[in-house]
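The values are calculated or read from the model by the stated rules, or taken from the named source; none is laboratory data. This is a predicted model, so every value here is computed, not measured. FYI the Cβ positions are ideal-geometry reconstructions off the backbone, even for glycines, and counts take in every protein chain you see.
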Amino acid sequence: MSLTPSILVTGANGQLGSELKKITQEFPQFNFTFCTRQELPLEDEQAISNYLEAHQYDFLINCAAYTAVDKAESERELAFQINATSVGLLAAICRDNNTKFLHFSTDYVFDGNATEPYKTDDATNPQTVYGASKLKGEKLAMDENSDAIIIRTSWVYSSYGKNFVKTMLRLFQEKEEISVVNDQIGSPTYAKDLADVTMKIIASGQWYEGIFHFSNEGIISWFDFANAIKEISRSNCKINPIPTSAYPTPAKRPGYSVLNKSKIQQLYGIQFRDWKESLTDCLNEISS
Ligand SMILES: NC(=O)c1ccc[n+]([C@@H]2O[C@H](COP(=O)([O-])OP(=O)(O)OC[C@H]3O[C@@H](n4cnc5c(N)ncnc54)[C@H](OP(=O)(O)O)[C@@H]3O)[C@@H](O)[C@H]2O)c1
C-alpha cells in the first residue's frame, strides 16, 4: 500500500457519495478521488476497464448504483447491468489490482416476511427487480473477490438527492393532509452516518471481508418516520396512516426490513446513533 493510500469513490453525486465527499478533510491520511456517472458510467464495461487500467487505487468504495426501485421493474436489463454485472467486473479488477473493494447493498435482498431483524447470513429472497439485481451484485462481488466487503443498509436519506425526508418536507409545504403507510417496518439510515462508518472501517486498518448490516438504531414505520419529520420541522400538515394496499407501487415494498447489526458492532466496534437524533441532524443540515 502506498504511503498515502488512495481511495476511489464512485457515485460521487449520490447521497452516500456526497456525504463521503463532505468528510474527506477528517481523513487527511488518504488521497480521495470522486468520480461521477459521466466519468465512470457503470453500464459501460469497456469504460470501467479503461478507467481502472489508467488509474491505480488502494481502495474502491462503490457508491454508484441503479436505485430507482419502481423504474427497475421495467428496466430490468439496465438495473442488472449496473447493480450486478458491472459490480462483478469492478470486484474482479480490484482483485487483480490489489485494490480493496467496498460495496453497498440493500434490505430489499430479503422478502420482508421476517418478524425479527435479518442477520447477514439469513436466507435472501428478493421480491423486486432492484432487490434481485442487488443480490446478484453481492454474489458476483463475492465470487470474483473473496476479500470484498459489502454493507447492506436500509431507508437511506440525506440532505442530498431524492429521499423520503425531502419528499415529506416538500409535501408538508404543498398539502394540508397526506397519507403515509404504517405497515412497513424498518430502520432509517442517515447517509452521513453510513459514510462515517465506511471511513471508520477503512481507517481501522482491519479488513474483515464479507457481508455486514448497518442502519441507525430503532424500528419504526414510514408513518412514524413522517410524524417525526413533521414534529422536528414544526409542520402543521395532517398525516393519515394507511395500509400498503392503499398505496400500490410497481415494485413491492418489504413489510419488515429491519437489519441485525451485531456483526458490524462486534467486528468493528460500531456504535449506532438513534434514528431520531440522526434525523434531527439531517433536518438541521437541510434548514441551514
Ligand atoms: N437509497 C436507499 O434508500 C438505499 C437503501 C438501501 C441500500 N441502498 C444502497 O446504498 C448505496 C448508496 O445509495 P444512495 O442512496 O447514495 O444512492 P443514490 O443517491 O441514488 O446515488 C446513486 C449514485 O449512482 C450513480 N449512478 C446511477 N447510475 C449510474 C451509472 N450507470 N453509472 C455510474 N453511476 C451511476 C448516480 O449518479 P447521478 O448522480 O448522476 O444520478 C448517483 O450518484 C447503493 O448501493 C444503494 O443500492 C440505498
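Observations on the model:
- Residue satisfying condition, being within 18 Å of E144 (Cα to Cα) and in contact (Cβ under 8 Å) with a residue 40 or more places away in the chain, within set L20, L60, L8: L60
- Look at (1) more than 16 Å from the ligand (Cβ to nearest atom); (2) modelled with pLDDT under 95 and you find that K252 fails only one, number (1).
- Here the range 35-60 is the region considered, the condition is being hydrophobic (A, V, I, L, M, F, W, C), touching a helix residue (DSSP H, G or I) at 6+ places or on another chain (Cβ under 8 Å) and near the ligand (Cβ under 10 Å from one of its atoms), and the residue that is nearest to G205 (Cα to Cα) is C35.
- Out of Y190, Y118, one residue alone is within 16 Å of S278 (Cα to Cα) and either touching a strand residue (DSSP E or B) at 6+ places or on another chain (Cβ under 7 Å) or crowded, with 20+ Cβ neighbours inside 10 Å (or both). It is Y190.
- Any hit, the range 256-275, residues being closer than 22 Å to S179 by Cα and in a loop (DSSP other than H, G, I, E, B): yes
- Total residues in the range 119-137, condition of a type in the set (S, T, Y) and more than 10 Å from the ligand (Cβ to nearest atom): 3
- Test: residue in the range 119-131 that is over 18 Å from A84 (Cβ atoms), in a strand (DSSP E or B), hydroxyl-bearing (S, T, Y) and touching a helix residue (DSSP H, G or I) at 6+ places or on another chain (Cβ under 8 Å): no
- Pick from the range 162-186, criterion within 15 Å of the ligand (Cβ to nearest atom) and charged (D, E, K, R), ranking: farthest from D58 (Cα to Cα): K166
- Complete set of residues in the range 63-110 that are more than 7 Å from the ligand (Cβ to nearest atom), of a type in the set (S, T, N, Q) and not in a helix (DSSP H, G or I): S74, N98, T99
- Qualifying residue in the range 159-180 (condition: out of contact with any helix residue (DSSP H, G or I) (no Cβ under 6 Å at 6 or more places or on another chain), modelled with pLDDT of 95 or more and at positive phi): no
- Residue in the range 200-212 that is farther than 22 Å from L90 by Cβ, in contact (Cβ under 8 Å) with a residue 60 or more places away in the chain and within 16 Å of the ligand (Cβ to nearest atom) present: no
- Single residue of the range 53-64 satisfying the filter (over 23 Å from Y157 (Cβ atoms) and modelled with pLDDT of 95 or more) that is surrounded by the fewest Cβ atoms within 10 Å (Cβ to Cβ): D58
- Residue in the range 138-161 that is farthest from the ligand (Cβ to nearest atom), counting only those that are assigned to a strand (DSSP E or B) and of a type outside the set (F, W, Y): I149
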